[in-house]
1. Look at segment 1-46 and say how many of its residues are within 18 Å of T65 (Cα to Cα) and of a type in the set (S, T, Y).
2. Grab the helices (runs of 4 or more DSSP H) fully contained in segment 9-111, keeping just those with 2 or more residues being surrounded by 12 or more Cβ atoms within 10 Å (Cβ to Cβ).
3. Answer yes or no as to whether T12 is at pLDDT below 95, under 22 Å from the mean Cα position of the chain (by Cα), at negative phi and polar (S, T, N, Q).
4. All but one of (1) polar (S, T, N, Q); (2) in contact with a helix residue (DSSP H, G or I) (Cβ under 6 Å, 6 or more places away or on another chain); (3) free of Cβ contacts under 8 Å to residues at least 24 places away in the same chain hold for T32; state the number of the condition that does not hold.
5. Only one of (1) among the hydroxyl-bearing types (S, T, Y); (2) out of contact with any His (no Cβ under 7 Å at 6 or more places or on another chain); (3) modelled with pLDDT of 95 or more is not met by T109, so which one is it?
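The values are calculated or read from the model by the stated rules, or taken from the named source; none is laboratory data. Treat the numbers as computed from the prediction; the structure is a model and nothing was measured. For neighbour counting, all protein chains shown are included, and Cβ atoms are generated from backbone atoms with ideal geometry for every residue, glycine included.
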Amino acid sequence: MKFLVEIDHVKTGPPFTEDTRRSFIECIIFPTLDKAEQLVQQGLIVAGGPAVRRIALRFIADVETPQQLDLIVSSLPLWAVSDTRVTPLIDFSDRRDHIQALLQRMTKTDT
């Protein structure tokens, strides 16, 4: 099963100081990138990466179950301080088959 995962850091509170920025980079950003690279090597993240000029990730995960995806997403340190959206995806050929079946049903009711 393929899923589009969108993770966006939520900015709350006052702007980061130099110390909090450094801590955020060392404790959240680098560990998140390390974990995401591991997931790519394991074939669980099949496309995507960090969004340019944002504290955000966009990727396609290829997993067996939604529960496996939940474990993967929650293993990313950025997840704890982010809004996360997950969209299930189907293959283009599956969508074509569904639409063709819909069109056939529509044609039968018209006659």
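1. Going through segment 1-46 one residue at a time, the tally reaches 0.
2. Numbers: elements: 18-24, 30-41, 66-74, 92-110.
Filter on segment 9-111 gives 18-24, 30-41, 66-74.
3. On the way: at pLDDT below 95: yes; under 22 Å from the mean Cα position of the chain (by Cα): yes; at negative phi: yes; polar (S, T, N, Q): yes.
Judged against the criteria, T12 is a match.
4. So T32 meets the others, but not (3).
5. (3)
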